[in-house]
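Peer 1: Encoded as structure tokens, here's the structure I'll be asking about.
The values are calculated or read from the model by the stated rules, or taken from the named source; none is laboratory data. Remember, predicted model here, so these are calculated numbers, not experimental data. Cβ atoms come from the backbone with ideal geometry, glycine included; neighbour counts cover every protein chain shown.
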Amino acid sequence: MPVIKFTKEKKEIEVPEGANLRTEAIKAGVNVHQGLNGIGAGLNKVINCHVWGQCGTCRVNITSGMENASKMGVVEKTRFKMPIPTPVTPGGVDPLPTMAFLGNEETMRLACQVKVHGDMEVETGPELDL
């Protein structure tokens, strides 16, 4: 069975093959809904989209074992890759992908959308690098 290591919480859990990362984290008492740099973590734990991939509060950084995570689906691709409409830039579209400003574009995922297929290390609530 795959092992997930939550680096900030210093916690390791064993999960069934194909388990949902968010579901297993919550079962183990790990709050993946950290908010923005920790602000709003308590509120986000209760008020979130509950596995629909719409709120983005369950973003995690898979620091090791990304090859053991399910492929990014349409929901995540839309969440992370679609440009943000903004009146600030000419043409009204910001060239930065949604949430890609975090600096971990290749390893950032939404925990609610990840199926675990092997061992991985996960950083919950990665800090925004604005």
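Peer 1: If we only count strands (runs of 3 or more DSSP E) wholly inside region 65-130, which ones have 1 or more residues that are modelled with pLDDT under 80 and not acidic (Asp, Glu)?
Peer 2: Numbers: elements: 83-85, 93-97, 108-110, 120-124.
Those strands (runs of 3 or more DSSP E) span 83-85, 93-97.
Peer 1: Return the residues of region 104-123 that are more than 13 Å from the chain's Cα centre (by Cα) and surrounded by fewer than 20 Cβ atoms within 10 Å (Cβ to Cβ); say none if nothing qualifies.
Peer 2: Within region 104-123, HIS117, GLY118, ASP119 meet the criteria.
Peer 1: When region 42-74 is examined, which residues are found to be hydrophobic (A, V, I, L, M, F, W, C) and surrounded by fewer than 18 Cβ atoms within 10 Å (Cβ to Cβ)? Explain how you work it out, then say what you get.
Peer 2: Start the filter on region 42-74 by keeping residues that are hydrophobic (A, V, I, L, M, F, W, C), which leaves 43, 46-47, 49, 51-52, 55, 58, 60, 62, 66, 69, 72, 74.
Result: LEU43, VAL46, ILE47, CYS49, VAL51, TRP52, CYS55, MET66, MET72, VAL74.
Peer 1: How many residues does region 9-34 contain that are among the charged types (D, E, K, R), exposed (fewer than 13 other Cβ atoms within 10 Å of the Cβ) and part of a loop (DSSP other than H, G, I, E, B)?
Peer 2: 2
Peer 1: Might you check whether a residue that is in contact with a Cys (Cβ under 8 Å, 6 or more places away or on another chain) and charged (D, E, K, R) occurs anywhere in region 59-72? Working first, answer last.
Peer 2: Here is the first cut: in region 59-72, the ones in contact with a Cys (Cβ under 8 Å, 6 or more places away or on another chain) are none.
No, region 59-72 contains no residue that is in contact with a Cys (Cβ under 8 Å, 6 or more places away or on another chain) and charged (D, E, K, R).
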